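Visitor: Input: one structure, supplied below.
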Amino acid sequence: MQIAPRHAFRPAASVAALAAALALLVGAGLAPTSADAADRISGAPFATRSEVYAPEAMAATSHPLATQVALDTMRAGGSAMDAAIAANAALGLMEPTGNGIGGDLFAIVWDPKTARLHGYNGSGRSPRSLTLAEFQRRGLTDIPAHGPLPVTVPGTVDAWFALHARFGRRTMAQNLAPTIAYARAGHPVHQTIAHYWNLSVPRLARWPGFVEQFTVPATAGDGGPGVVDGRRAPRIGETWKNPPLADTLQAIADGGRDAFYRGDIARTIGAYFRANDGFLSYDDLAAHTGEWVDPVSTNYRGVDVWELPPNGQGIAALQILNLLEPYDLKAFGLDSPEYVHLFVEAKKLAFADRARWYADPAFHPAPVAKLISKEYARERGKLISMDRALREVQPATPAQLDQGDTIYLTTADGDGMMVSLIQSNYRGMGSGMAPPGLGFILQDRGEQFVLAPDHPNTYAPGKRPFHTIIPAFATRDGKPWLSFGVMGGAMQPQGHAQIIINLVDFGMNLQEAGDAPRIQHDGSTEPAGQATVMSDGGEVDLESGFAYETVRGLMRRGHSVRFADGPYGGYQAIMVNPHGGWIGASESRKDGHAAGY
């Protein structure tokens, strides 16, 4: 979710114009300065804190209480998977601005018993009674961001039970108990969550059930756009309770997976959508199944980086790394126009294929092996110039390919199991559709379909949309090394690639790799909505910390450079400590932390 205007500067025609543009940035407080660096005794000056070390178990989440829930679960004998499920349930209560049981889930798991990685695609499908013709009848050119039309079947609960059946040790009732207790007794709302919650209320208040279940009464003196009909979002430090969610989770704990997909919860959801111009039905929920999938990888300078195949966008990170591997990024340096330029150009090429090929493989299989091959990267890499930014990028043709808002958490236990898990409602708090008495909001993931009949990601009944949420993993010599993720829409594959580059090329530690200033390119051809096509080279967002010389160097190459607040994602990671135990790191841009014992 973008929370602040972006400030764009097109390539200047003269040095004087460049200087004037940079002076404007400095005067507005938008350009990075040396004051942005922290006064740390050791390590990189931009690091916000040290890595976390623990001998037995580790958890990294975007909420301190969820991290504690995960650790308590493992202390009580649970596996890393039990801890991940318990923490995910807690985040659905504590961070409803990014996730909940109305959304989807993906996971990669390192299983020490089989010494291999396992992947789970827990994404849901579109309603079977909603057709492309219905969108056309309504005169829509893209799917709305909120309301009943973008809602797809939520896959999270199914994913919990599938993952637990294979990797859990405690009962699901035990895993859900901490969240049920917090939902009834309440917990204090944290800063970043309160910020996004306040923004969501006026956007989602029109949809039935949202205001009743996700706001509190406004008090005397409350005002502003965040107050709707005398109600508002909870504020920083205020106690938030959600008894309806406690009841829903208790029903799942007592009745298992089918309590959600085939019981009263599913019937309530179906009736709610029938009454509110929706199409999601009891039968859609009853028919849902997730899918075990094999992660895919590329080797980047001796590190095997693993992602899940489409309908997610994970392989874009692998394509970016393949395109960058021929260059000596270490020699260029993190804060160099050469590195940033190369990264942005590689991203443009990868995202052109992302727009063309990433979709539900049951409807449109992608040539994944070819897309992530070194040979293909060498062929596509010929389009990169060191001197000039690409303004347009065409995807590869079929002939070339014949030889297609969020929480992230990671846990690790004393047996060596590592879980990389990501879960989301898509746009912040999702569609706004909150069935009465259930305490959660349905996702709006269906917005990512395209309403163009000839597109791979075109809408169809019973189809999974293109997905942005992606977990990641890395191994060395066939052994686990790193479980990590970066939240944030199209930033995710860009963030994955930057984390690996920061660790491998620039020699950062695990916390520094996440705290380093990030690059985000925006404006590539997209596989969602109206499937827009890049024709102007897009925009480069640079986080505070890049030098003026780097900005000038990028502008000379034809890049449009902006400084934007907020779109750089959220990071969590756990690394194997070569001396034994675990190393943890957490996103400084979020509310959470890493901790262990």
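Read the figures in this text as sums done on the coordinates, not as results from a lab. Predicted model, so just to flag it, every value in this text is computed and none were measured. Note: ideal-geometry Cβ built from the backbone for every residue, glycine included; neighbour counts use all protein chains shown.
Visitor: Using the 2.2 N^0.38 Å rule of thumb for compact globular proteins, work out how segment 268-316 stacks up: its C-alpha Rg over that value, please.
Guide: 1.93
Visitor: If the only charges are +1 at each Lys and Arg Cβ and -1 at each Asp and Glu Cβ, what is the size of the charge dipole of segment 259-408 around the Cα centre, to the nearest 20 debye? Mind showing how you got there, number by number?
Guide: Numbers: 16 positive and 21 negative charges, 54 e Å.
It comes to approximately 260 debye.
Visitor: Something else now. Mind sorting out which of (i) 0.95; (ii) 1.15; (iii) 1.26 is the real Rg/Rh (Cα atoms, Kirkwood Rh) computed from the coordinates?
Guide: Only one listed value fits the structure, namely (i).
Visitor: Label points 7 Å out from Cα along the Cβ direction at A547 and A331: separation in nm?
Guide: In this crude label model, A547 to A331 measures out at 1.8 nm.
Visitor: Among 91-99, 380-388, how do they line up from the highest to the lowest mean number of other beta-carbon atoms within 10 Å? Walk me through the numbers on the way to the answer.
Guide: On the way: 91-99: 28.8, 380-388: 14.1.
Answer by packing, highest mean first, reads 91-99, 380-388.
Visitor: Let me ask something else about it. Distance between the C-alpha centers of segment 275-294 and segment 248-274? Whole Å please.
Guide: When both Cα centres are located, 12 Å separates them.
Visitor: Using the Kirkwood radius over Cα pairs, work out the Stokes-Einstein diffusion coefficient for segment 211-320 at 10 °C and 1.306 mPa s, in µm²/s as a whole number.
Guide: On the way: Rh = 18.7 Å.
In µm²/s, the coefficient rounds to 85.
Visitor: Listed highest first by mean packing, meaning other Cβ atoms within 10 Å per residue, what order do 469-477, 107-115, 146-154, 241-249 come in?
Guide: Values: 469-477: 22.8, 107-115: 18.6, 146-154: 25.9, 241-249: 21.0.
Result, highest mean Cβ count within 10 Å first: 146-154, 469-477, 241-249, 107-115.
Visitor: Charges only on Cβ, +1 for Lys and Arg, -1 for Asp and Glu: so what's the dipole of segment 105-147 about the Cα centre, in debye to the nearest 20? Could you put the intermediate results ahead of the total?
Guide: Working: 6 positive and 3 negative charges, 28 e Å.
For this selection, approximately 140 debye.
Visitor: What is the local net charge at T73, summed over the other residues whose Cβ is closer than 15 Å to its Cβ (Lys, Arg +1; Asp, Glu -1)?
Guide: Values: positive: R75, R169, R170; negative: E56, D72, D82, D413, D415.
That sum, taken over residues with Cβ under 15 Å, equals -2.
Visitor: Oh, and also: If you stretched the chain out fully between E379 and T219, how much longer would it get, using 0.36 nm times the residue separation minus the C-alpha to C-alpha distance? Write out the running numbers ahead of the final one.
Guide: Values: separation 160, 0.36 × 160 = 57.60 nm, distance 6.24 nm.
Extra length available between E379 and T219 comes to 51.4 nm.
Visitor: Same structure again: How about K479: which lysines have a C-alpha closer than 21 Å to its C-alpha, ignoring those fewer than 8 places off in the same chain?
Guide: Straight-line reach from K479, under 21 Å: K113.
Visitor: Enter the per residue convex hull volume of segment 485-588, computed from alpha-carbon coordinates, in Å³ rounded to the nearest integer. The partial results should precede the final answer.
Guide: On the way: hull volume 11.8 nm³, N = 104.
With only Cα atoms used, segment 485-588 gives 114 Å³ per residue.
Visitor: Stretch K113-T131 to full length: gain in nm at 0.36 nm per residue minus the Cα-Cα span?
Guide: Numbers: separation 18, 0.36 × 18 = 6.48 nm, distance 4.47 nm.
Result for the pair: 2.0 nm of gain on full extension.
Visitor: Taking the Cα atoms of segment 109-251, report the difference between the largest and smallest coordinate on each principal axis, in whole Å and largest first.
Guide: That gives 59, 47, 27 Å along the principal axes, largest extent first.
Visitor: Specify, per residue and in Å³, the volume enclosed by the convex hull of the alpha carbon atoms belonging to segment 275-379.
Guide: It is 153 Å³ per residue.
Visitor: Could you rank the peptides 45-53, 67-75 by their average count of other C-beta atoms within 10 Å per residue, with the highest value first?
Guide: 67-75, 45-53
Visitor: Quote the charge dipole size of the chain about the Cα centre in Debye, to the nearest 20; the model charges only the Cβ of Lys and Arg (+1) and of Asp and Glu (-1).
Guide: On the way: 51 positive and 59 negative charges, 90 e Å.
I would put it at about 440 debye.
Visitor: For the chain, what is the calculated [θ] at 222 nm in deg cm²/dmol (nearest 500), taking -39500 (n - 2.57) for each run of four or more DSSP H residues and dividing by its residue count? Mind showing how you got there, number by number?
Guide: Details: 20 runs with 202 residues, N = 597.
After summing the helix terms and dividing by the residues of the chain, the value is -10000 deg cm²/dmol.
Visitor: Still on this structure, I have one more. Where the centroid of each part is defined by its Cα atoms, how far is segment 202-242 from segment 434-509 in Å?
Guide: Distance between centres, Cα-based: 30 Å.
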